[in-house]
Amino acid sequence: MKIAYVITRSDVMGGASIHLLDLVSGLKNSGHEVVIYVGGTGILLEKAKDKNIECISLINMKREINFVSDILCFFELRSHLIKFSPDIVHLHSSKAGILGRLVAKFLAIPSVFTAHGWAFTEGVTEHRRKLYIIIERFIAKITGKIITVSNYDLKLALKSGVGDEDKVISIHNGMPDIGRGYNLIRNNDCVRFIMVARFDHPKDQRLLIEAFSSLKEKNWMLELVGDGPFLSDAIETAKKFHLTDQIIFSGDCNDVADRLATSDVFCLISNWEGLPLTIIEAMRSGLPVIASSVGGVPELVEEGKTGLLVQRGNLNSLVNAIDLLLGSGEKRKSLGRKGRASFEEKFIFELMLDKNIKVYEELLSSKV
């Protein structure tokens with residue numbers, strides 16, 4: 001098959017970008033012909049080049065709504081797709097998903113859209129929810145298949161009238177393994193917590209810092225990996241609570257797996273989510289997880305078995321979860337082992353790859 005992938009941004013490496021590179025690498029290694037089209041000229045192009053994947057910049061693809069740029073991008077992408085002549089166009093992220101599906105419809109090419117969390121999910125403003133539901137309802141009518149990365153988002157789409165049971169399918173994210181039982185034994189005297197996430201909506205590093213301020217007398221370190229517009233605010237919050245000696249701000253890192261391997265507990269505190277790859281990455285490394293019970297997170301973290309779930313925005317719930325794992329090395333090891341087992345059973349990359357290929361094949365067979 002010849003498959004064209006389109007994503008909005010090249011300047012950040014979020015979950016959607018990592019998912020896309022893994023998926024495209026898997027398909028290329030399986031003998032399929034693939035190209036990625038992406039807005040801008042950022043890090044995603046460099047990562048694709050490292051994997052020997054053809055990745056083409058769309059100079060008119062902008063994240064923000066801009067009538068002139070959007071029209072220009074429509075024709076720019078149309079020109080590229082005419083030249084490549086793919087069997088399938090697979091879209092990722094909201095802006096690329098809208099423009100890409102319109103172009104695919106115009107060219108009579110079957111399209112697939114993967115929703116990495118809906119723009120009308122819990123935690124967003126009512127005005128924004130209503131606007132995006134209207135847009136997604138319309139664009140779903142010209143989409144061959146819609147993939148959600150969680151059952152939560154599948155149910156949300158159907159409840160909101162975005163597609164129907166024949167069009168929308170749930171495929172959990174998966175990640176390539178890095179070796180069975182990857183560093184499951186940790187002997188840190190100081191309990192090391194880590195959160196890997198961009199300092200932007202929908203994450204809530206500030207609440208996590210505030211929770212740790214209630215436990216400042218205990219023996220812990222917190223590493224916050226990532227960059228983004230709210231980074232300076234988080235640093236100021238750490239200073240406010242006099243935690244600068246216990247909280248490390250590492251910025252963007254290319255060695256996340258190594259940092260997870262030297263940590264004891266993974267945290268992901270959010271206001272809304274799809275199905276976070278960072279949690280799957282932590283489970284792969286045998287880390288227990290503390291996470292907000294939002295979106296598809298409960299499909300990854302089994303309460304009391306592979307981690308601890310906390311209510312969104314609930315400071316006391318978060319403090320109690322942190323304190324519990326601070327005080328019990330056996331609890332941390334037990335949750336981590338079961339998380340690793342869950343990864344091996346449900347979230348191996350090959351499962352996700354096979355299910356995506358099946359979607360393509362079914363869509364092409366129905367076209368005949």
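The values are calculated or read from the model by the stated rules, or taken from the named source; none is laboratory data. Keep in mind that what you see is a predicted model, and the values were worked out from it rather than measured. As a convention, Cβ positions derive from the backbone with ideal geometry for all residues, glycine included, and neighbour counts pool all protein chains shown.
When G42, G123 are screened for being free of Cβ contacts under 8 Å to residues at least 60 places away in the same chain and surrounded by fewer than 20 Cβ atoms within 10 Å (Cβ to Cβ), only G42 passes. Here K355 meets each of (1) touching a residue at least 60 places away in the same chain (Cβ under 8 Å); (2) of a type in the set (K, R); (3) not assigned by TED's automatic domain parsing to the domain that holds P110 with one exception, condition (3). Looking at this structure, is G336 in the same structural domain as K218 (by TED's automatic domain parsing), in contact with a helix residue (DSSP H, G or I) (Cβ under 7 Å, 6 or more places away or on another chain) and among the small types (G, A, S)? No. Does any residue of the range 119-131 turn out to be closer than 27 Å to N271 by Cβ and in contact with a Leu (Cβ under 7 Å, 6 or more places away or on another chain)? Yes, some residue in the range 119-131 is closer than 27 Å to N271 by Cβ and in contact with a Leu (Cβ under 7 Å, 6 or more places away or on another chain).
Go through the residues of the range 145-157 one by one and say whether even a single one is among the aromatic types (F, W, Y), touching a strand residue (DSSP E or B) at 6+ places or on another chain (Cβ under 6 Å) and crowded, with 17+ Cβ neighbours inside 10 Å. Give the steps one after another, and end with the answer.
In the first step, residues of the range 145-157 are kept if they are among the aromatic types (F, W, Y); the result is 152.
From what's left, touching a strand residue (DSSP E or B) at 6+ places or on another chain (Cβ under 6 Å): none.
No: the range 145-157 contains no residue that is among the aromatic types (F, W, Y), touching a strand residue (DSSP E or B) at 6+ places or on another chain (Cβ under 6 Å) and crowded, with 17+ Cβ neighbours inside 10 Å.
Filter the range 240-264 for residues that are more than 22 Å from E217 (Cβ to Cβ) and among the small types (G, A, S); which is surrounded by the fewest Cβ atoms within 10 Å (Cβ to Cβ)? Within the range 240-264, the match that is surrounded by the fewest Cβ atoms within 10 Å (Cβ to Cβ) is G251. Counting only helices (runs of 4 or more DSSP H) that fall entirely inside the range 234-342 and contain at least 1 residues that are within 18 Å of the chain's Cα centre (by Cα) and among the charged types (D, E, K, R), the qualifying elements are 277-284. Looking across the range 89-111, the residues that are surrounded by 24 or more Cβ atoms within 10 Å (Cβ to Cβ) and β-branched (V, I, T) come down to V89, V103. Scanning the range 1-12 for residues that are buried (at least 16 other Cβ atoms within 10 Å of the Cβ) and more than 16 Å from S57 (Cβ to Cβ) returns a single hit, I3. Hey, among the residues in the range 172-213 that are under 14 Å from A282 (Cα atoms) and outside any loop (DSSP other than H, G, I, E, B), which one's modelled with the lowest pLDDT? In this case the residue turns out to be M175.
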